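The values are calculated or read from the model by the stated rules, or taken from the named source; none is laboratory data. Everything quoted here is computed from the prediction, not taken from an experiment. With ideal geometry, Cβ positions are generated from the backbone for all residues, glycine too; neighbour counts draw on all protein chains shown. Each accessible area value is taken on the protein alone, full model and side chains, heavy atoms only, with ligands, DNA and RNA left out. Shrake-Rupley method; radii C 1.70, N 1.55, O 1.52, S 1.80 Å.
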Amino acid sequence: MLGNMRKGRAVVILLISLMLFGLFSATGWGFGKESQGPDVYVVQGMLKSLGYYPGAVSGYYDEETAAGVKLFQKANGLPETGAVDDRTLQAILWAYNQLNGPRKPTPSPVPTPLTTPKPPSSYLTHDEQKMVDLINKERKQEGLAPLKVIADVSYTARLKSQDMVENNYFSHNSPRYGSPFDMLQQRGITYTSAGENIACNETVEGAHRVLMESPGHRDNILDKDYTHIGIGVVKGGSCGKMFTQQFIAN
């Protein structure tokens, strides 16, 4: 997961839901049985690729998931708790990265200011348009105005998804670009408040479901103050596709 991140009008407010898969994890953090959400989905996907988890990648931490975690912990000399703590998470990340071969970050320019030509405002991939439609359907059911797509915000969202795929991480803070707010500002995008959801999943529908089932991510999707959105969907990552949703209010 690493769902939701927000920046408020007068004070910077960062609502970081479980900062999973950052380069540095917070000590003492973990999750186990009956946990659910995009973070569990990602761990299940990596364990399945590594051969420790034969079950469905569902985003729900059941007995089968715990058994897979225990097998991985036993094979890697870790305490066999069946829960994903900091050490276990880092070991899973390392093993998955080795499975796919070490990757070196590829040079990429910092997003350029808004003075450069904008991408076509109507351009969205099929997956990106589907995700926008699902979000606006949820908002309509709650009596909220639909979010309008801004091409430049979708540009930064795609950069973020691509960066996570290329550099094997899952976090709101990019080692290349900084925070989502840094990315928006570097692109010359102004806003009164902003937020970000990220997910790793095989399908648009699956990503949307797990985000809506997570309170912090759902709050971003149904925030009455947000007016615009950018969506970036890129193939790759442990679950098949990386999703970035960037929300802004003007």
Cross-link partners among aspartates and glutamates for residue 130, C-alpha distance below 16 Å, same-chain residues fewer than 8 apart left out?
138, 202, 205
Please calculate how many Å² of accessible area segment 128-216 carries per residue, with a 1.4 Å probe and no DNA, RNA or ligand atoms counted.
36
Among 148/235; 140/160; 48/160; 48/224; 140/241, the pairs whose Cα-Cα distance exceeds 31 Å are 48/224
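Around residue 59, with a cut-off of 9 angstrom between Cβ atoms, what is the net charge of the other residues, counting Lys and Arg +1 and Asp and Glu -1? Don't skip to the answer; put the middle values down first.
Numbers: positive: 209; negative: 39, 213.
Here the charged neighbours net out to -1.
Viscosity 1.002 mPa s, temperature 20 °C: give me the Stokes-Einstein translational D for segment 182-250 in µm²/s, with Rh taken as the Kirkwood radius over C-alpha pairs.
Numbers: Rh = 12.7 Å.
Answer, rounded: 169 µm²/s.
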Given points 7 Å out from each Cα along the Cα-Cβ axis, report the residue 222 to residue 182 separation in nanometres with one decimal.
3.3
What is the spin-label model distance, in nm, from residue 125 to residue 56 if the labels are put 7 Å beyond Cα along the C-beta direction?
2.6
Can you order the peptides 51-61, 205-215 by their average number of other Cβ atoms within 10 Å per residue, highest first?
205-215, 51-61
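Calculated FRET efficiency, residue 63 and residue 212, Cβ-Cβ r, R0 25 Å, to nearest 0.05? Numbers along the way, then the final one.
On the way: r = 25 Å, r/R0 = 1.01.
The formula returns an efficiency of 0.50 here.
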